[in-house]
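Reading through the structure tokens given below for one structure.
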Amino acid sequence: MDTWAAGSGSTSFSDESGRLREYRRVEPVYDAFVCPLTKTVMQDPVTLENGQTYERSAIERWFLECSANGRPPVCPMTQKELESTYSKPSIALRNTILEWTARNEAARLDNAKIYLTSEAPHDILDGLNDIQSLCLKNNINKLKARTSGLIPLIVDCLKREEKVRCSALATLRVLADDEDDNKEAIGETDAIRNCVKSLFRENLKEREEAVSLLQELSKSSHLCDKIVAINGAILMLVKTASSHSDNVITVQKADQILDNLESCDKSVHQMAENGRLHPLLRRLVE
């Protein structure tokens, strides 16, 4: 009987099989969840007198159009006239959709965690994009991303290739936005050091993402000290803030970071050494 030779790749096959078994199933979109008018999953389903269910805002717009066109209200699906435009909230369906959404979002975050440990850049990018999408949707997913240990894995992606680094920086920024606990969790990793490294890179997109993340992190006074402590951070931020070639928004963000860093005495002297004198002059006047 044939056997796998040592080093023939059986380990990678086994690892891949194990990885596939670890993926959590994401449930499909059920037809009953989709509004016939918007063709998207309903958030506030309501049912008409004939039993047809629609997204509230969509059916209300439909009835307004009927009225504007001088027509009696009709059901969009059956085109039959209705006695009333009254719609009853479908609470049971709404709760079912919410539960389905929560299960799927939890599964997607778990799957993203597996994607981030892949060696394939496209897998990592898929994972990062899904995390961004979920965390932009609501803050609960930002909390879940932190408590499930995703932040250190995302930070590890800052050591990967250019496209992955850009996506990882953007993902960390989304996680940090208006979330102090996430900022602190990011600050406990090598994220700031790697972020400053990105300021030195040639890729404009990567530098822009690095500045955006640092701007968000610099809103924490505790993390300001960590930013200032990284060699070259002030130098590159001053250079970016005074740049005539970088994106205007990026220049403004760099300027805002430096304003935030002024609370740290060490930063004021470093800024002066690199040509940004007004913070030091303000202190001397005061």
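The values are calculated or read from the model by the stated rules, or taken from the named source; none is laboratory data. Bear in mind that the values here come from a model prediction, so they are computed numbers and not experimental data. Neighbour counts run over all protein chains shown; Cβ positions are idealised from the backbone, glycine included.
What do you reckon, is N231 of a type in the set (S, T, N, Q) and assigned by TED's automatic domain parsing to the domain that holds E179? Considered against the rule, which asks whether it is of a type in the set (S, T, N, Q) and assigned by TED's automatic domain parsing to the domain that holds E179, N231 comes out as no. Here F33 qualifies as over 30 Å from E161 (Cα atoms) and in contact (Cβ under 8 Å) with a residue 60 or more places away in the chain. Being outside the structural domain of E206 (by TED's automatic domain parsing), out of contact with any strand residue (DSSP E or B) (no Cβ under 6 Å at 6 or more places or on another chain) and free of Cβ contacts under 8 Å to residues at least 24 places away in the same chain is a property that holds for D265. Considering only residues in segment 216-260 that are in a helix (DSSP H, G or I) and of a type in the set (D, E, K, R), the one that is surrounded by the fewest Cβ atoms within 10 Å (Cβ to Cβ) turns out to be D259. Taking the condition basic (K, R), part of a helix (DSSP H, G or I) and surrounded by fewer than 23 Cβ atoms within 10 Å (Cβ to Cβ), does R165 pass? Against the criterion (basic (K, R), part of a helix (DSSP H, G or I) and surrounded by fewer than 23 Cβ atoms within 10 Å (Cβ to Cβ)), R165 does not qualify.
Please specify each residue of segment 33-56 satisfying the condition of being farther than 14 Å from I91 by Cα and either surrounded by 15 or more Cβ atoms within 10 Å (Cβ to Cβ) or aliphatic (A, V, I, L, M) (or both). If the condition is that a residue be farther than 14 Å from I91 by Cα and either surrounded by 15 or more Cβ atoms within 10 Å (Cβ to Cβ) or aliphatic (A, V, I, L, M) (or both), then V34, C35, P36, L37, T38, V41, Q52 are the ones that fit.
Candidates are the residues of segment 60-105 that are assigned to a loop (DSSP other than H, G, I, E, B) and surrounded by 13 or more Cβ atoms within 10 Å (Cβ to Cβ); the one that is farthest from the chain's Cα centre (by Cα) is L82. Taking T189 as the residue in question, decide whether it is in a loop (DSSP other than H, G, I, E, B) and at pLDDT 95 or above. It is true that T189 is in a loop (DSSP other than H, G, I, E, B) and at pLDDT 95 or above.
The residue that is surrounded by the fewest Cβ atoms within 10 Å (Cβ to Cβ), among those in segment 127-161 that are touching a Ser or Thr at 6+ places or on another chain (Cβ under 6 Å) and under 20 Å from T101 (Cβ atoms), is Q132.
The residues of segment 251-286 that are of a type in the set (D, E, K, R) and more than 19 Å from S221 (Cα to Cα), listed by number, are E273, R276, R282, E286.
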